[in-house]
Each structure stands twice: as structure tokens, then as C-alpha cells.
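Throughout, read-outs are computed from the coordinates displayed, never taken from laboratory work. As the structure is a computational prediction, the values presented were derived from the model and not from experiment. Here the Cβ positions follow ideal geometry from the backbone for every residue, glycine too, while neighbour counts run over all protein chains shown.
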């Protein structure tokens with residue numbers, strides 16, 4: 001069995017993540033959930049058998065909710081941490097009224113890293129929120 005070797009690159013990358021997609025069964029239900037929980041105004045666009053609602057971003061990493069063939073929500077796999085604002089307490093408080101389920105409330109990582117919380121969205125995805133307070 002071979003070993004993995006890392007190639008040295010001279011170019012520094014700002015971030016190794018550039019885009020994420022959260023799979024959903026029902027795009028309107030998911031948009032309603034995330035708009036309520038995060039205080040957003042996401043809009044749905046549909047094309048070629050897919051529907052997408054983009055998380056608004058002025059800079060940094062972009063992502064979207066995605067409905068269509070092969071878009072299957074799951075509690076398993078990659079965990080996406082969404083920005084919880086200045087204090088994620090208000091955001092996590094919106095999860096259950098919006099139809100989601102909290103699986104770990106606001107938890108301190110450490111003083112330098114801030115806090116996180118885990119929840120299941122209306123589509124069955126395990127997600128996280130992060131904030132410094």
C-alpha cells in the first residue's frame with residue numbers, strides 16, 4: 001500500500017473552502033427555516049431541474065441551499081458551521097420555533113475559539129452555528 005505525499009505549493013491560498021451546498025428536499029421550507037433562524041432574506045432561483053437559494057455574503061465563502069437530483073440531506077457526513085452573529089444564543093433560540101431540532105445547545109469551545117451549537121434543520125441535515133460570544 002502506498003503512502004500519500006503532499007506536494008509543496010508556493011502559492012498561498014486564502015481559504016481551502018470556496019463554496020458549499022446544503023442539500024434539501026423542499027427548497028421553500030428550507031428557505032423559510034434559514035431565513036427565520038439566521039434573519040436572512042434568501043431568494044429561490046430554479047434552472048435545469050435544480051432550485052437554489054444562496055446565502056447572502058459580501059465577502060468570504062459563499063454557499064447555497066440546493067434541491068434537485070442527487071441532493072440528499074443527511075445527519076451524517078460533513079458538518080457546516082454557519083455564522084451565528086455576535087451571540088449565537090438568539091439564532092439557536094429560533095431553531096425549534098422554525099421546525100428544527102437542537103441537538104447541542106450553546107457550548108464553549110475555549111476563550112479564543114468562541115462557542116458553537118448543533119441542530120437538525122427541517123430537511124434532516126445536521127448543522128452547526130458558531131460565534132465568539
Inset, instruction - Once you've got the GNM for the chain with C-alpha springs shorter than 10 Å, pick whichever of 43, 106, 11 has the biggest mean-square fluctuation. - result: 11
Inset, instruction - Calculate the length of the line joining the C-alpha centroid of region 80-133 to that of region 14-70, in whole Å. - result: 17 Å
Legend entry - Residue of 99, 49, 68 that the Gaussian network model of the chain assigns the largest fluctuation, springs spanning Cα pairs under 10 Å: 49
Inset, instruction - Could I have the simple spin-label model distance between residue 89 and residue 108, label points 7 Å from Cα toward Cβ, reported in nm to one decimal? - result: 1.4 nm
Legend entry - Spherically averaged projected area of the chain from its Cα convex hull (nm²): 11.2 nm²
Legend entry - Mean separation of Cα contacts under 8 Å, 6 or more apart, over the residue count of the chain: relative contact order %: 23 percent
Inset, instruction - Once you've got the GNM for the chain with C-alpha springs shorter than 10 Å, pick whichever of 89, 59, 113 has the biggest mean-square fluctuation. - result: 59
Legend entry - Residue list for region 62-92, given a label point 7 angstrom along the Cα-to-Cβ vector of residue 48 and an amide N cut-off under 16 Å: 66-71
Legend entry - Computed E for residue 128/residue 58 - FRET, C-beta separation, R0 25 angstrom, nearest 0.05: 0.70
Inset, instruction - With both partners inside region 19-131, how many of the DSSP beta bridges are antiparallel, as a percent to the nearest 5? - result: 70 percent
